[in-house]
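Engineer: Questions regarding the structure given below will be posed in turn.
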Amino acid sequence: MTGLAQSSSDTDEAIRLRDVIKVYRDGDVETIALRGVDLSIKRGEFVAVMGRSGSGKTTLLNLLAGADRPTAGQVMIDGTALDRADEGRRQKLRGRSVGIVFQTQNLVPFLTLAENVQLVDSLATGGTSGATEDELLARVGLRDRAGHRPDALSGGEQQRAALACVLAANPAVLLADEITGELDSVSAAALMDLVRAAHRERGMTVVLVTHDPAVAQSAQRIVRLADGRIVDDRLTDTAA
Ligand SMILES: Nc1ncnc2c1ncn2[C@@H]1O[C@H](COP(=O)(O)OP(=O)(O)OP(=O)(O)O)[C@@H](O)[C@H]1O
Ligand SMILES: [Mg+2]
């Protein structure tokens, strides 16, 4: 289980979930997406979250991003209790500490790639990566596409551009939801190189949802969800 993180002091903790329950209500229909999740992630740790479709992975990531609140339980990011924070406070924390790349790409369609990166850079409140949009796009292999709009790019290129945007804000915590899902293995490997570099070189805490065991092996730890519960939590060979 999470004995690893429990032995460390609270200040080592980037993320802490205590008995988190999430119920979606849609009229009369209730869906219990998370059924009591306890999770502690250390600063600078790289965790993969796996589990079947509908097991609660995106729900978990949305809670970590402060994009949603738990129905019950506690969510702490960087020492701030997100479950009790109002929207303004959560928004501030999102701008400062958390960067999220969604399952579907989050680029602004009518802006060029360079403008998309600039936009994120200007919205970041916690000091940016210091790199120019040119450098960031070069790092994801898209420098010659800086003037293109997202719809002129392939799916893999769009996903890389979305990652470049998030890295522009230099978040303490990078949350990534199935970002290699629709990519061929070469594009997926290129994207994972970027994530690993952010983790290694900037000490970024990374929580990455994936269905792909090969992608998950980049992480130091794999947490498995089934039906809204953590059913497995173990270190990978990468952690050694
Ligand atoms: N906004 C919502 N309203 C109602 N039910 C929802 C909502 N979002 C998710 N759910 C339900 O909650 C459960 C968990 O969904 P979630 O999106 O977290 O799964 P997931 O593990 O990310 O799946 P996938 O691998 O398909 O992306 C599912 O049963 C889903 O139908
Ligand atoms: Mg999902």
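The values are calculated or read from the model by the stated rules, or taken from the named source; none is laboratory data. Just so it is clear, the structure is predicted and the values come from calculations on it, not from any experiment. Neighbour counts are summed over all protein chains in view; Cβ atoms, including those assigned to glycine, are modelled from backbone coordinates with ideal geometry. Heads up: the accessible areas ignore ligands, DNA and RNA and are worked out on the full protein's heavy atoms, side chains in. Shrake-Rupley method; radii C 1.70, N 1.55, O 1.52, S 1.80 Å.
Engineer: Collect residues whose amide H, placed 1.01 Å from N in the peptide plane, falls under 5 Å from the amide H of D233; neighbours closer than 5 in sequence don't count.
Structural biologist: For D233, the qualifying residues are R224.
Engineer: If you don't mind, another one. Which value, in Å², gives the accessible area per residue of the chain when a 1.4 Å probe is used on the protein heavy atoms? Don't skip to the end; give the middle numbers.
Structural biologist: Values: 11280 Å² over 240 residues.
Here the residues of the chain average 47 Å² of exposed surface.
Engineer: Using the Karplus curve 6.51 cos²θ - 1.76 cosθ + 1.60 with θ = phi - 60°, what ³J(HN,Hα) values do you get for each residue of segment 75-90, in whole Hz, with x for Gly and Pro?
Structural biologist: Computed from phi, the couplings for segment 75-90 are 10, 10, 10, 6, x, 9, 7, 6, 5, 9, 6, 6, 4, x, 5, 5 Hz.
Engineer: Pop out the Kirkwood hydrodynamic radius of segment 14-66 from its pairwise C-alpha distances, inverse of mean 1/r, in Å to one decimal.
Structural biologist: 12.2 Å
Engineer: Compute log10 of I(q)/I(0) for the chain with the Debye formula, placing one identical point scatterer on every Cα and leaving out solvent, at q = 0.11 Å⁻¹, to two decimals.
Structural biologist: Each listed q corresponds, in turn, to -0.55.
Engineer: Separate question: Of all the accessible heavy-atom surface of segment 190-239, with the other protein chains kept in place and a 1.4 Å probe, what percent is carbon and sulfur?
Structural biologist: 47 percent
Engineer: Name the most mobile residue of D26, D86, D78, meaning the one with the largest mean-square fluctuation, in a Gaussian network model of the chain with Cα contacts below 10 Å.
Structural biologist: D26
Engineer: Please report the net charge: other residues with Cβ closer than 10 Å to the Cβ of E133, K and R +1, D and E -1. Let's see the in-between values first.
Structural biologist: Numbers: positive: R143; negative: E115, D121, D134, E135.
Computed value for this residue: -3.
Engineer: Another question, then. Would you calculate a helix-derived [θ] at 222 nm for the chain, using -39,500 (n - 2.57) for each DSSP H run of n ≥ 4 and dividing by the full residue count, to the nearest 500?
Structural biologist: So the helix-based figure for the chain works out to -9500 deg cm²/dmol.
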